[in-house]
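*Asks:* Structure provided below as structure tokens; questions to follow.
Values quoted throughout were computed directly from the atomic coordinates according to the rules given, and no laboratory measurement underlies them. Note that this is a predicted model, so its numbers are computed, not measured.
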Amino acid sequence: MKMHVSHLDRVRMLLAVLAAALLPAGCYSDRWTGNYDDIQELGIEAIKAERAARANPDAQKQQEAILKKIAAEPLPPYTINGGDKIEVMVYSHPDLSVKTVVTPDGYLGLVLVGQVKVKGLTLAEASAKIEKVLSRYIRNPRVGLSPYEIGSETATITGAVHKAGIYPITDGMRLADLFAKAGGGASRYYDGQTVSAVDYDSSLFLRDQKPVPVDFRRAIEKGDPLHNLKLRSGDYVFVAGRDDSMVYLMGNVKKTIKRVWDERMGLLELLAAGEGLAENHWSHAIIIRNGGGKGNVFKVNLDGIFRGTVPDIRLDPGDVVYIPHDNISEYNVAIKKLFPTAQLINLLLSPFSWVYSLFP
């Protein structure tokens, strides 16, 4: 019998194999002199600088220009389609007026004249066509059409939401409204906690089958009108899920753990989940961020956080938090071991990892 193994299980197996091969090598590496005091401290200004460095100002300007252009585009004229509910008013002839539903093939059923095809016509064009047909039976007919429920104007939302589906668009409806109609973001229960399963950064907004550079976090959480676009018929929204965004705690703590990352998660919450610090620990924590590349190792003043003189640090997905014994002991061993560990974690748990290609 052939066992089914998911991509995630395959990745985890490969991670274990590579980590087993790599970490012992770090234990036998030559020692070199180092000191945690040399690492940049991660305070408020350092966080701002780090995140500003990640942002591309030119890309942001281009994104804003695209969104402003989209917002300025006039709405396309409404055309009648199957499923729309239309009130037909024939002035001076109330007996001919009717409320009716456009058939799937685009016809309106009218008193006296029968079926009239109106699919794809604007309200003015459909009124003129019905007037022409009625003129065979009455003199100078005047017809007005008023849609009272438009079933053909819809947008689709799928992915990590509670109620994925196709929803009718009402006047002025925006992305955040569609997200709310779908019951908001999905959640998951992991290790005794309920956390959001939404990955805003990987979510997608399509219009006319082309991606629109929407920042979902700014649209849904902050209501930024530039990103919280007004919907149009045919819009498609995919809300990505966070399956493997983790943070890790190790070192001089009572319990080494990994936790599902949440955008509100701070260092203190992670330490509490690890049942606190061991009796002997340094005054600072070390954070390895984005796989431990150059410039991505920081220290955080734990004593200052505990005293309330330093704000708690929000964690990013993939962060590895290490609590050293002191500012110099095992510096070389920890850095040489944790750098490749963090790099492997970020590489192998990436949703677009090349590793998947190894397992057809």
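*Asks:* What is the gain in length, in nm to one decimal, between Lys132 and Lys258 on full extension, counting 0.36 nm per residue of separation less the C-alpha to C-alpha distance?
*Replies:* On the way: separation 126, 0.36 × 126 = 45.36 nm, distance 7.25 nm.
Extra length available between Lys132 and Lys258 comes to 38.1 nm.
*Asks:* Working out 0.36 nm times the residue gap between Thr100 and Ala278, then minus their Cα-Cα distance, what length gain in nm do you get to one decimal?
*Replies:* 56.7 nm
*Asks:* For Lys69 and Ser202, compute 0.36 nm times the residue count separating them, minus their Cα-Cα distance, and round to one decimal in nm.
*Replies:* So the chain would gain 45.6 nm between Lys69 and Ser202.
*Asks:* Give the total of Lys-Lys pairs in the stretch 125-224 with Cα-Cα distances below 28 Å; include a pair only if its members are 8 or more places apart or on different chains.
*Replies:* Lysine pairs satisfying the spacing and distance rule in the stretch 125-224 number 6.
*Asks:* Mean shadow of the stretch 153-239, computed from the convex hull of its alpha carbons, in nm²?
*Replies:* Average projection, Cα convex hull of the stretch 153-239: 5.5 nm².
*Asks:* Can you spot the lysines whose alpha carbon is less than 21 Å from Lys299's alpha carbon? Ignore those fewer than 8 places along the same chain.
*Replies:* Lys48, Lys254, Lys255, Lys258, Lys336, Lys337
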